[in-house]
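What follows is one structure encoded as structure tokens, with my remarks underneath.
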């Protein structure tokens, strides 16, 4: 992997982490889904796995520890985006298709935590857990849908040129 791409991955992790921390006062409203879909569209699958792993480790360190019942489902959930993008979404750039995927992902993200939460809290807490979490899932789904629908194309056009070295002024700056 080239140093330029590693630097872009590190900057992407920083952007992803900082925006989430800044929007933490609003539950499940962030640009995380948009950014990970965006990063999936400009980075290779293995680069996305590295990016997401670094992001989840940084996020868990900052929030106070490595709770495996929180960290493992978080990793699994975020890995779904780049794996899906590089397989059945077939690297589409259609913002409507990606927005629909973000809408569905909002629910999938919450559902991945259910088995881990049931193990941690007890098996008889499924309905109370789902009832308490459904509003947050809906919020994440709508937030993901709207941000991807409105912002994917302009952000993709900007970041793709930077990551894939298509802007001439970035080439001249490194010579």
Report the paramagnetic label zone for residue 53: residues of segment 64-88 whose backbone N is under 13 Å from a point 7 Å from Cα along the Cα-to-Cβ axis. 75-76, 79
Give me the base-10 log of I(q)/I(0) for the chain at each q in 0.09, 0.11, 0.12, 0.19 Å⁻¹, Debye formula, one uniform scatterer per Cα, rounded to two decimals. -0.33, -0.49, -0.57, -1.35
In degrees, nearest ten, helix 126-163 long axis to first principal axis of the chain (Cα): 0 degrees
Which angle between 0 and 90 degrees, to the nearest 10, do you get for helix 32-42 versus the longest principal axis of the chain when only C-alpha atoms count? 40 degrees
Compute the Cα gyration tensor for segment 45-148, then decide on rounded, prolate or oblate, letting a ≥ b ≥ c be the square roots of its eigenvalues: rounded whenever a/c is under 1.5, prolate when a/b is larger than b/c in the other cases, and oblate in all that remain. oblate
Nearest 10 degrees, 0 to 90: what angle lies between the long axis of helix 68-86 and the longest principal axis of the chain (Cα atoms)? 50 degrees
For peptides 7-13, 63-69, sequence by mean Cβ density within 10 Å, most packed first: 7-13, 63-69
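Values in this text are rule-based calculations from the coordinates and carry no lab data. Being a predicted model, the structure only gives us computed values, none of them experimental. Here the Cβ is made from the backbone with ideal geometry for all residues, glycine too, and neighbour counts use every protein chain on show.
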